[in-house]
1. Compute the long axis of helix 143-155 from its Cα atoms, compare it with the longest principal axis of the Cα atoms of the chain, and write down the angle in degrees, 0 to 90, nearest 10.
2. Mind checking the angle between helix 96-115 and the chain's longest principal axis? C-alpha axes, 0 to 90 degrees, to the nearest 10.
3. Number of Lys pairs in region 99-240 with C-alpha atoms less than 17 angstrom apart, excluding same-chain neighbours closer than eight positions?
4. Where nothing but the Cβ of Lys and Arg (+1) and of Asp and Glu (-1) is charged, how large is the charge dipole of region 6-94 around its Cα centre, in debye to the nearest 20?
5. Taking H as built 1.01 Å from N, whose amide H comes closer than 5 Å to the amide H of residue 190, not counting residues under 5 places away?
6. Enumerate the amide H contacts of residue 35 below 5 Å, restricted to partners 5 or more residues apart or on another chain; note that Pro and chain-start residues carry no placed amide H.
7. Charges on Cβ only, +1 for Lys and Arg, -1 for Asp and Glu, centred on the Cα centroid of region 78-225; of 113, 103, 219, which one is farthest towards the dipole's positive end?
8. If the only charges are +1 at each Lys and Arg Cβ and -1 at each Asp and Glu Cβ, what is the size of the charge dipole of the chain around the Cα centre, to the nearest 20 debye?
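Laboratory data are not the source of any read-out in this text; all were calculated from the coordinates shown. All values derive from a computational prediction rather than experimental measurement. Methodologically, a virtual Cβ is constructed for each residue, glycine included, from the backbone with ideal geometry; neighbour enumeration extends over all protein chains shown.
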Amino acid sequence: MAFRTEALFREDGYLADAEAAVVAVNERGGIILDRTVFYATSGGQPGDTGRLTLADGRAVEIAATITGETKDEIIHVPAADSGLKPGDRVKLAIDWERRLKLMRMHTACHLLTVVCPFPITGAAVAEDDSRVDFDIPDAGFTKEDVTAKLMELVRADHPVSTRWITDGELAANPTLVKSKNVRPPSGTGRIRLVLIGADGVVDSQPCGGTHVRSTGEVGEIHIGKIEKKGRENRRFRLRFGPAPA
């Protein structure tokens, strides 16, 4: 039986804490809540870490957050046996410093797909070094040029927002999907778009991840390396901070 967790982060990625009730603890000790601010690993973005605190002050450290039988079932993986049971009330607190880095980096990855408008073949978001792979027969890009264009978008401080569309709207606008091999989940009746710029004038693509509210919050970013991964695959590595001299 799959449970459904209300994913508060889908509407507000800046929620760092909340209160919730335990609805189940699975056979591996994974904790399922009725609602959560913890993002579950998906789409190349790692799940949140943090802690749950009971009314008596006892804290349960959360080492990872993953999805269960469905994307709506979010499982909080404790670092040790939690001792929690259904009905327990807990206060949630994510590792906010880590989450903010992931939000900044994930938004930077979206900006990279604007600078490099080619089919995406893979991606992984991390706190300090992320990657996006593109299907590019001949790269024709330099680290310096891509970094300069990325920083133009960052300094423009474009707003970042979300909106929901229907499965039918996505089917009618297939170019919204930038991934070459992976389609966004459909069948639920609605799909979440992440928009950069007013009404998505800079970019618009399906994404369930968390992002900052404006490109200016990404901060200094640069391309650390462009790697050849196969005949038509190029890997761009994103890193925080100015490019090394």
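1. 60 degrees
2. With rounding to tens, the tilt is 30 degrees.
3. 5
4. I would put it at about 160 debye.
5. Amide H neighbours of residue 190, under 5 Å, 5+ apart: 167.
6. Long-range HN contacts for residue 35: 6, 21.
7. 103
8. For the chain, the charge dipole is close to 500 debye.
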